[in-house]
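Everything on this sheet refers to the single structure shown next.
The values are calculated or read from the model by the stated rules, or taken from the named source; none is laboratory data. In this text, all values refer to a predicted model and were calculated from it rather than measured experimentally. All Cβ positions, even for glycine, are placed from backbone atoms using ideal geometry, and neighbour counts span all protein chains on display. These accessible areas exclude ligands, DNA and RNA; they are computed on the full protein's heavy atoms, side chains included. Shrake-Rupley method; radii C 1.70, N 1.55, O 1.52, S 1.80 Å.
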Amino acid sequence: MSHVSAREIDEYLERLDPEQRDALQYLREMILEAVPEGEEGLAYGVPAVRLGEDVVAGFAAAKAHLSYFPHSGWVLSQLADEVADYSTSKGTLRFGPDSPLPMSLVRKLVAERRYEMANGRP
């Protein structure tokens with residue numbers, strides 16, 4: 001992951017339409033609240049938050065949706081019931097700019113990823 005300043009992530013968000021930007025800025029704030037010691041950067045070209053060498057969470061905008069990336073193929077499967085109402089793949093949770101992820105879900109996603117980072121998969 002490249003080390004970048006918060007300003008560079010701001011610039012990523014500024015390129016988006018206002019609805020996408022607002023939704024991802026809100027998600028960014030929730031992730032940083034859940035990982036206050038996290039460091040912002042880019043992972044695979046999109047904004048992310050990491051602890052040490054591990055990426056905890058990332059996010060991006062696509063033409064038809066927004067994405068949350070747990071940077072793990074394990075996390076979403078552990079929270080299958082909580083993410084059942086969303087479009088998912090092994091490593092992506094998709095949502096609309098008009099339907100932001102609830103803070104309770106972001107906390108669970110981050111907690112599962114941090115558990116995995118600290119302990120490996122059960």
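A few points about this structure:
- Based on protein heavy atoms only, the stretch 1-116 ends up with 50 Å² per residue of surface accessible to a 1.4 Å probe.
- Residue separation of Glu82 and Ala62 scaled by 0.36 nm, minus their Cα-Cα distance, works out to 4.9 nm of gained length.
- With DNA, RNA and ligands ignored, accessible area of Glu29 (1.4 Å probe; Å², nearest 10): 100 Å²
- The 3J(HN,Hα) values that the Karplus relation (6.51, -1.76, 1.60; θ = phi - 60°) gives for the stretch 94-100 are, in residue order, 9, 8, x, x, 8, 9, x Hz. Gly and Pro appear as x.
- Fraction of the pair-distance distribution of the chain above 21 Å, Cα-Cα pairs, percent: 31 percent
- Computed over the Cα atoms of the stretch 70-122, pair by distinct pair, the Kirkwood hydrodynamic radius stands at 11.4 angstrom.
- The chain, helix-only ellipticity at 222 nm - DSSP H runs n ≥ 4, -39,500 (n - 2.57), divided by all residues, nearest 500: -12000 deg cm²/dmol
- Spacing of the two label points (7 Å from each Cα toward its C-beta) at Ala6 and Val46, in nm: 2.2 nm
- Theoretical FRET efficiency, 1/(1+(r/R0)^6), r = Cβ-Cβ of Arg94 and Asn119, R0 30 Å, to 0.05: 0.60
- From the alpha carbon centroid of the stretch 89-122 to that of the stretch 1-70 is 13 Å.
- Here the Gaussian network model covers the chain, with springs between Cα atoms less than 10 Å apart; of Ser67, Ser99, Ser77, Ser99 fluctuates the most.
- Choice from Gly73, Gly58, Gly41 with maximal GNM fluctuation in the chain (Cα, 10 Å cutoff): Gly73
- With q set to 0.22, 0.25, 0.26 Å⁻¹, the log10 of I(q)/I(0) for the stretch 7-65, from the Debye formula over equal scatterers at the Cα positions, is -0.85, -1.06, -1.13.
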